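Everything below concerns the one structure shown next.
The values are calculated or read from the model by the stated rules, or taken from the named source; none is laboratory data. Quantities reported herein were computed from a predicted structural model and do not represent experimental measurements. Cβ atoms come from the backbone with ideal geometry, glycine included; neighbour counts cover every protein chain shown.
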Amino acid sequence: MIVVLGNVEHINAIVLGLAGAALLAAIARLAFLLRKQRALNEARQHLAITDELTGLANRRRLLDELEGALTVLSSEGPEAGSLALLLIDLDHFKEINDSFGHHTGDALLRQIGPRIRQVVRHSDLVARLGGDEFAVLLHGADTLKAATVAQRISSLLEEPIDVGTASLRVGASIGVALAPEHALSTDELLRCADIAMYRAKNERGSFDVYEAALDDEAERFALIEDLRRAMADGSLALHYQPEIDLRTGRAVTVEAFLRWPHPTLGLIPPEHLLDLAEESGLIHPLTTWVFDQAISDCARWWREGHHVAVAVNLPATDLLDSALPQRMGALLDGAGLGPEALVLEITEGMVMADLTRSKRVIQTLSDAGIMVSIDDFGTGFSSLSHLNDLAVGEVKLDRTFTSRLQLGEADTRDENLVRSIIDLGHALGLRVVAEGIERLDFVSVLAGLGCDSGQGFAIQAPCRAAEIDFAGLEGPRHATDAAASRFHR
Ligand code: C2E
Ligand code: CA
Ligand code: CA
């Protein structure tokens, strides 16, 4: 019994010892795992709020810190002081990145943070928001302090930055907004700083402090954002207007017009929309969309048996793009259409902006069989002498000429002028188109003056692709009234 007991105690001691050791090992392991887990969590958290490339705070971290600081400012009132947000956009980063490569671009971006840090306090936050955009959150800064810091950052970023063997000048535009002065919410403050930043960029200043008076511009920026959204969600549309042969009445070309029904502002005029797109760098994707849409609609008309060309108005920048002819060719090919299915409308002003380059692009288009048309013809005198050198196939008489004739305001000199312009076009072997035909009787008037084709509300107003009346006006046109016959030779 005793032996047994003794054995039992002995065994118990061993078991206890072993259990204790195992327990200690387990606790140690658990502690180790917990530590590891915590380190992992911290690393993960750090990663979630750190910009990988530069090691600076990222957008998320900036927003969190801004949100926190603004909450304090709102709850504590005027005694809480103020803060400033600086948005910094590098000026020439894209060019540097394009010409020196991403490697150099990345190396350059990594040097921006340390430069900024030279002029801010340790407690201020320096973040990279993405791309070449940075931000600084200055706690407790008033306008003077913020402007001083912005100025210093700007000077530092003007200095060349050594990357590898290159010494690069990048420069920056900085927008400054203050809380509570300009805004008390994160979104609003970011918007204010953004507006100031764009202004700095446009006015080629180094930095700008937000002013409420900039809100006109803000509206413009909001509209640009709306446009961006409209392009993404498919709310832009093309409307079409047939241009008919004035003798047969049948549609020969269909011109595409951009339409943007804005959810609150109504229809935005295409010129306005194009200005916005030009100003905000959206013009290229916008034109790409117009071409895709117009050519795909045209392909459908051909499949339905309507062999018309689609005429697209070309924005000025595109005429200088030497890749344009090839792009157009590929688009037409893709849609199963020949070059005769496309007409590109340009203006005299566009040609004159860079005559040598435009001439080359027009020649290449013409060689490829794509017709180039001079829109609003007769309003600029400049190209008359150059017209003969341009490989264009058509001129569209500016609407003002048609209007004057239709309104009965034209005198004999006007009539002679119109007749001469039309004759000039013909002498150069060009098709002459009349725009803005608002009276049906003027179809024959314009035909009588020598116009080959025409378009206007009287024939058909711009409409959706599916609503075009391809048959147009039936039969040959005859002068029907006295007013009309007056213009016949
Ligand atoms: P445009 O190329 O000279 O186009 C003729 C304008 O006259 C169009 O205005 C058309 O809707 C309008 N119109 C048609 N028939 C008549 C008529 O009988 N009487 C009057 N008074 N007007 C008539 P819209 O659509 O407002 O376009 C204005 C301008 O915006 C166009 O002038 C063109 O320069 C530009 N545009 C329109 N769509 C586009 C586009 O997709 N791309 C580019 N780059 N420009 C475009
Ligand atoms: Ca046009
Ligand atoms: Ca026109």
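Taking the range 187-212 as the range and being in contact (Cβ under 8 Å) with a residue 40 or more places away in the chain, of a type in the set (A, V, I, L, M) and either assigned to a helix (DSSP H, G or I) or in contact with a Pro (Cβ under 8 Å, 6 or more places away or on another chain) (or both) as the test, the residues that pass are 189, 190, 193, 196, 197. Just name the residue that is farthest from ligand 3 (Cβ to nearest atom) out of those in the range 241-281 that are farther than 30 Å from residue 340 by Cβ and of a type in the set (S, T, N, Q). The extreme case among them is 264. Condition check for residue 191 on (1) buried (at least 17 other Cβ atoms within 10 Å of the Cβ); (2) of a type outside the set (Phe, Trp, Tyr); (3) more than 21 Å from the chain's Cα centre (by Cα): one failure, at (3).
So for the range 353-362 (the condition being on the phi < 0 side of the Ramachandran plot, within 16 Å of ligand 3 (Cβ to nearest atom) and assigned by TED's automatic domain parsing to the domain that holds residue 309), does at least one residue qualify? No - not one qualifying residue is present in the range 353-362.
Listed by first and then second residue, the pairs linking a residue in the range 420-434 that is touching a residue at least 40 places away in the same chain (Cβ under 8 Å) and in the same structural domain as residue 391 (by TED's automatic domain parsing) to a residue that is exposed (fewer than 15 other Cβ atoms within 10 Å of the Cβ) and not polar (S, T, N, Q), with Cβ atoms under 8 Å apart and 6 or more places separating them unless they lie on different chains, are 424/384. Of 437, 468, 370, all but one fail to be surrounded by 18 or more Cβ atoms within 10 Å (Cβ to Cβ) and within 13 Å of ligand 3 (Cβ to nearest atom); the exception is 437. Those helices (runs of 4 or more DSSP H) of the range 213-305 in which 2 or more residues are touching an Asp or Glu at 6+ places or on another chain (Cβ under 6 Å) are absent.
Considered as a group, the residues in the range 350-377 that are in contact with an Asp or Glu (Cβ under 9 Å, 6 or more places away or on another chain) and closer than 20 Å to residue 424 by Cα include one that is farthest from ligand 1 (Cβ to nearest atom), and that residue is 359. Got at least one residue in the range 419-434 being small (Gly, Ala, Ser), at pLDDT 95 or above and within 16 Å of ligand 1 (Cβ to nearest atom)? The answer is yes, given that some residue of the range 419-434 is small (Gly, Ala, Ser), at pLDDT 95 or above and within 16 Å of ligand 1 (Cβ to nearest atom).
Residue-wise test of (1) in the same structural domain as residue 308 (by TED's automatic domain parsing); (2) under 14 Å from residue 272 (Cα atoms).
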position	(1), (2)
201	no, no
204	no, no
224	yes, yes
228	yes, no
231	yes, no
234	yes, no
237	yes, no
240	yes, no
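Summed over the range 391-415, residues that are surrounded by fewer than 13 Cβ atoms within 10 Å (Cβ to Cβ) and of a type outside the set (S, T, N, Q) total 5. In this structure, residue 318 does not satisfy being modelled with pLDDT under 95, part of a strand (DSSP E or B) and assigned by TED's automatic domain parsing to the domain that holds residue 428.
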